[in-house]
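Chemist: I have a structure I would like to understand better, so I am pasting it below and will then ask my questions one at a time.
Read-outs throughout are calculated quantities, based only on the coordinates presented, and are distinct from any laboratory measurement. Computed from a prediction, not measured in an experiment: that's the story for all the values here. Here Cβ is always computed from backbone atoms with ideal geometry, including for glycine, and neighbour counts include all displayed protein chains.
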């Protein structure tokens with residue numbers, strides 16, 4: 001009966017994802033390994049002020065998602081938000097954004113695959129990383145090749161593991177606070193957050209540096225929009241998924257951080273150890289490290305699964321927008337009998353397969369770290385272009401006055417663009433972030449310039 005309700009799009013893809021799939025994908029997209037492992041580092045840099053950082057960034061990411069969601073609501077047949085950049089900013093901007101975003105996804109996938117191998121080796125240290133990487137990549141690629149619904153099912157359970165871990169930590173933490181649980185660092189109480197509070201306890205530079213760190217923790221939140229083209233009730237599901245994003249951020253990020261700092265005074269946190277592990281160990285869970293290792297393994301596998309799904313759709317979008325005579329269009333602008341862009345998924349996974357080679361050379365790993373940082377910085381540029389495309393959409397004939405409109409558009413649109421610009425500029429004042437930021441600018445000028453010249457040449461030829 002379920003199969004009979006699945007509609008097929010004109011391009012051959014199937015609307016197989018249900019509301020529960022998309023809702024959990026949306027939650028999973030906001031929860032990465034950064035919360036489970038990196039929260040201790042960000043807390044020790046800014047103290048309780050980290051709550052302000054998460055709240056501000058959560059608000060602007062929500063606004064960005066509302067802008068992207070408004071465009072998808074007007075045309076839910078699209079597979080990626082980059083298609084709107086092509087439509088409203090022109091083919092050159094679309095080609096630049098599409099390839100830039102796809103390259104960034106490949107490097108994110110490589111980073112997550114490396115993380116997967118690291119977490120698996122916690123239990124089987126004798127197994128070479130490259131074997132673990134190939135096995136995981138093969139399994140997740142197969143899941144994506146079979147059907148969109150199977151991808152959605154996998155993401156549903158990956159997200160469920162992360163949600164259960166966070167809820168467990170919050171519930172245990174609240175119990176410890178209510179019972180005034182005694183710890184080696186004092187008593188669990190909410191006053192640990194407000195005691196001796198200062199907005200910049202380690203200087204304004206540390207506070208500013210926290211913004212890019214948290215920004216990259218939120219990176220990938222837009223993945224949920226990429227599922228809309230293959231969702232059964234796209235407009236209904238889209239509104240629900242995006243509107244609840246801010247609520248999720250408040251509960252899962254800010255709620256978790258409040259509990260952590262209530263139990264362990266922020267100055268007593270060990271930055272190098274997961275704060276989740278520290279809380280569970282204080283609560284008397286002897287296998288805390290193993291439990292959290294399983295959770296972060298799930299988070300990394302979830303991110304990799306989403307990357308394969310998203311990268312495949314983006315490469316397919318690039319192929320369909322390419323010249324009909326080009327090899328990219330002929331070989332990758334096609335949908336398989338299963339209703340997925342199989343060829344585009346395979347080539348994306350093929351590039352991620354470079355990761356096992358990286359693990360054989362420390363020199364390559366160093367280069368990989370720099371390139372990954374550059375690709376992360378390029379996301380800021382792509383996000384900004386999506387916001388600019390939204391502004392063009394508002395002025396176009398496609399604009400739906402009764403659609404899923406971005407709240408306070410005249411103010412919030414400009415504010416979001418300016419905020420992304422400020423985040424990018426701040427990279428130049430943070431040690432270790434300036435070189436990747438320069439690399440992102442060079443990529444934009446060189447590759448963006450090439451895309452523009454190619455478009456101009458195409459216009460002249462067609463005349």
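Chemist: Report, in degrees rounded to the nearest 10, the 0 to 90 angle that the Cα long axis of helix 204-218 makes with the longest principal axis of the chain.
Modeler: 60
Chemist: Same structure, new question: What does the C-alpha gyration tensor say about the overall shape of segment 399-463? Classify as rounded when a/c is under 1.5, otherwise prolate if a/b is larger than b/c, or oblate.
Modeler: It is oblate, given that a/c is not under 1.5 and a/b is not larger than b/c.
Chemist: In nanometres, what is the gap between the two model label sites at residue 205 and residue 267, each 7 Å from Cα along Cα-to-Cβ?
Modeler: 2.1
Chemist: First check a/c for segment 172-270, with a ≥ b ≥ c the square roots of the eigenvalues of its C-alpha gyration tensor; if it is under 1.5, answer rounded, and if not, answer prolate when a/b is larger than b/c or oblate otherwise.
Modeler: Because a/c hits 1.5 or more and a/b fails to exceed b/c, segment 172-270 counts as oblate.
Chemist: Contact order normalised by length for the chain, with contacts defined as Cα pairs under 8 Å and 6 or more residues apart; what percent is it?
Modeler: 34
Chemist: For q values of 0.06, 0.11, 0.12 Å⁻¹, compute log₁₀ I(q)/I(0) with the Debye formula on a Cα-only model of the chain, without solvent.
Modeler: -0.26, -0.90, -1.08
Chemist: Would you mind checking the tilt of helix 409-426 against the longest principal axis of the Cα atoms of the chain, expressed as 0 to 90 degrees and rounded to 10?
Modeler: 70
Chemist: Now, a different point. Compute the long axis of helix 434-462 from its Cα atoms, compare it with the longest principal axis of the Cα atoms of the chain, and write down the angle in degrees, 0 to 90, nearest 10.
Modeler: Approximately 10 degrees, to the nearest 10.
Chemist: Highest first, please rank the peptides 104-117, 289-302 by the mean number of other Cβ atoms sitting within 10 Å of their residues.
Modeler: 104-117, 289-302
Chemist: Okay, moving on. Using label points projected 7 Å from each Cα along Cα→Cβ, tell me how many nm separate residue 330 and residue 414, to one decimal.
Modeler: 5.0
Chemist: Kindly provide the pair-distance distribution of segment 54-119 built from C-alpha pairs, with 5 Å bins from 0 and whole-percent values in order of increasing distance.
Modeler: Per 5 Å bin, starting at zero, the Cα-Cα P(r) for segment 54-119 comes out as 4, 15, 15, 17, 20, 16, 9, 4, 1 percent.
Chemist: Rounded to the nearest 500 deg cm²/dmol, what is the calculated helix-only ellipticity per residue at 222 nm for the chain, with -39500 (n - 2.57) per DSSP H run of length n ≥ 4?
Modeler: Theoretical 222 nm ellipticity from helices: -22500 deg cm²/dmol.
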